Amino acid sequence: MSNAQLNAMSVDQIANISTSGIGALTPTQITGLTGPGVVDLLAGLTTNQIPALSAANIAILTNDQLNALGTAQINSLTSTQANALTGPQLTGLNVENLVALSTNAISNLSTTAISSVIGQISSLTSSQLQSLTTTALRTLSNTQINALTLASLSTKQISALTASQISNLPAANTSTLTTSQLQALGSAQIAAMTAPQINALTSSQVQSLGTSGIASIPNTVVAQITNAIPYLSTSQIQALTASQFQNLTVAEIATLSSTQYSALTTKQIMSLDAAHVSALFVSGKISSLPPNALTKLTPTNTSTLTSVQLALLSTAQIPGLSANVISSLTTDASTGQIKGLTAAQIPVLTQAQVKGFSATQLATLSPTQTASLSTYAIAALSSSAVPSLQVASLTSTQVKSLKADQVKLFTANAVSPAISQIAALTIAQVPYLSADAIKAMSNTQIAALTFDKVAVLTATQSAALSATQLNAMSSAQLEKISPANLRSISLAGMTDAKLQLLFGTAQTSKTLTLDQWNMLGSSKRSTLRGLVALTPSRFTVPT
């Protein structure tokens, strides 16, 4: 049949051609369907006849011929026929016919053909979009991808997009992705996302990125996602690498919630500089930080913390600070960090922490802070720090815990009591000094005890006094030793002069024991007998 005969056929006549007849038409015959009647001629093909056209015939149809077909006819194209469509043909399809392509046809379009569709691609229906193969999607240009209704793509399709396609999506497009689609993104895709894209996401969307996704975000982007940081789940917070956390801005740290604080790790905190550490110490939040997260802080990155900020730490967190950090706390009169330690925090300081106290730090503590030190802490004080201990602020329990070696280090200055620890001991404290502590005191220290403090020495303390210590006492001190305590004192090593001062006082009822008397030499006995003869009412000696 000639082209002239085909063009002369009516629509009804064309409709009566068998499918085998349609299939037998040659490309020459198909291209010969031209002229004013072509629309009617092609329109005459039924949906049963269209599939009979060969792929070769489909491939040579002009845009006019394709657009002459109705939507029902376009919809009847087979997968083989769809695969034969060229880029120019797809581009030339009117919108009505483009959206009429079946999902089967869409899934069989060649990548060359689909990549040619630019302006019309946004017209594809949801079902058509979902029919695009992952291979086809990956061949689309950024412009084409940006024109798609992303929410219509399946998770499989989303996961197939290239990193370049993802990174070039406008933020407005990214924000339309569903949580399921975001969950389908791989680490490489998330790593390609820009800060504006991530900042455009909602809380549920951000959390859909998962932990591995968050960990894949480049440091430079992490430093710009201020809007998204508050949305991170606790598991995502923990997934942030030390490098990522280090790149958070101070403004981003300020957006962290107390719940997020509770998820922070040691590695994350130790990577921060002083400015970022300072930004973390915020009222209502810092107390939520796990104590072990503080263990790797250094004197360097805690150097700018204020006393007010240090006071924000809980009693559970204080032991987590390293001894190096504690020993580095500043002691300025007005802004010293150590002044920030509260009466609740001081008692929980560990022995290792207190052992690191310098003399200046110990001297800087307020009376309340000093009185708050635990007995374990007192015991751990270094020998270099003890001379700076504010003894007047110690409680009776603390005084009782003082070791002999520590008391031995107390300063003693009878001339300038203000700078003497021994002189600073109160009447209420002295009776709580251990016998070993009394025994360890030097002659200078003994001499620095004021007479009113000697008067409150217990029998046990008095018994601990050596003859050398007694000989170091002044007359004012000796005469204050209570009569009841004299029976506990070893008098044998005392000088005659000191014995006379001890017993030649106005105090009465001083009695020596037989053991004490027997320990004395003949000259001392003679001296005491002479005193008895002069003042028989003051004391008695064994006969």
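The values are calculated or read from the model by the stated rules, or taken from the named source; none is laboratory data. The structure presented is a predicted model; accordingly, all values stated were derived computationally and were not measured. Ideal geometry is used to build each Cβ from the backbone, glycine not excepted, and the neighbour counts take in all protein chains shown. In case anyone asks, the SASA skips ligands and DNA or RNA and just uses the protein heavy atoms, side chains included. Shrake-Rupley method; radii C 1.70, N 1.55, O 1.52, S 1.80 Å.
Summary of computed values
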{"quantity": "Tally of residues being within 14 Å of Thr202 (Cβ to Cβ), open to solvent by 60 Å² or more (accessible area, probe 1.4 Å) and among the polar types (S, T, N, Q) across the stretch 227-245", "calculated": "1"}
{"quantity": "Output for the stretch 427-450, where each listed residue is over 24 Å from Ser490 (Cβ atoms) and over 46 Å from the mean Cα position of the chain (by Cα)", "calculated": "Ile427, Ala428"}
{"quantity": "Looking only at the stretch 73-84, and only at residues there that are over 58 Å from the mean Cα position of the chain (by Cα) and more than 13 Å from Thr47 (Cα to Cα), the one that is surrounded by the most Cβ atoms within 10 Å (Cβ to Cβ)", "calculated": "Ala84"}
{"quantity": "Residue in the stretch 368-385 that is open to solvent by 30 Å² or more (accessible area, probe 1.4 Å) and more than 22 Å from Ala440 (Cβ to Cβ) present", "calculated": "yes"}
{"quantity": "Check on Asn97, at pLDDT 85 or above, within 19 Å of Gln120 (Cα to Cα) and open to solvent by 10 Å² or more (accessible area, probe 1.4 Å)", "calculated": "no"}
{"quantity": "The lone exception for Asn3 - which of (1) modelled with pLDDT of 60 or more; (2) surrounded by 14 or more Cβ atoms within 10 Å (Cβ to Cβ) it fails", "calculated": "(1)"}
{"quantity": "Hits in the stretch 117-146 (condition: within 11 Å of Leu98 (Cβ to Cβ), among the small types (Gly, Ala, Ser) and outside any loop (DSSP other than H, G, I, E, B))", "calculated": "Ser122, Ser123"}
{"quantity": "Pair list, Cβ < 7 Å and 6+ apart or interchain, from the stretch 358-369 residues that are in contact (Cβ under 8 Å) with a residue 60 or more places away in the chain to residues that are open to solvent by 50 Å² or more (accessible area, probe 1.4 Å) and outside any loop (DSSP other than H, G, I, E, B)", "calculated": "none"}
{"quantity": "Hits in the stretch 88-100 - residues which are part of a helix (DSSP H, G or I) and within 17 Å of Gln128 (Cα to Cα)", "calculated": "Leu90, Thr91, Val95, Glu96, Asn97, Leu98"}
{"quantity": "For Val456: the one exception among (1) within 30 Å of Gln361 (Cα to Cα); (2) modelled with pLDDT of 90 or more; (3) not in a helix (DSSP H, G or I)", "calculated": "(1)"}
{"quantity": "Conditions (1) assigned to a helix (DSSP H, G or I); (2) of a type in the set (D, E, K, R); (3) open to solvent by 50 Å² or more (accessible area, probe 1.4 Å); (4) at pLDDT 75 or above; number of the one not met by Arg529", "calculated": "(4)"}
{"quantity": "Where Thr350 falls short, out of the listed (1) touching a Leu at 6+ places or on another chain (Cβ under 6 Å); (2) surrounded by 16 or more Cβ atoms within 10 Å (Cβ to Cβ)", "calculated": "(1)"}
{"quantity": "Residue that is nearest to Ala455 (Cα to Cα) [pool: residues in the stretch 386-437 that are β-branched (Val, Ile, Thr) and open to solvent by 20 Å² or more (accessible area, probe 1.4 Å)]", "calculated": "Ile427"}
{"quantity": "Elements of type helices (runs of 4 or more DSSP H) contained in the stretch 277-385, each with 2 or more residues being modelled with pLDDT of 95 or more and closer than 30 Å to Thr255 by Cβ", "calculated": "307-310, 323-328"}
{"quantity": "Boolean, Ile438 is in a helix (DSSP H, G or I) and closer than 21 Å to Glu479 by Cα", "calculated": "yes"}
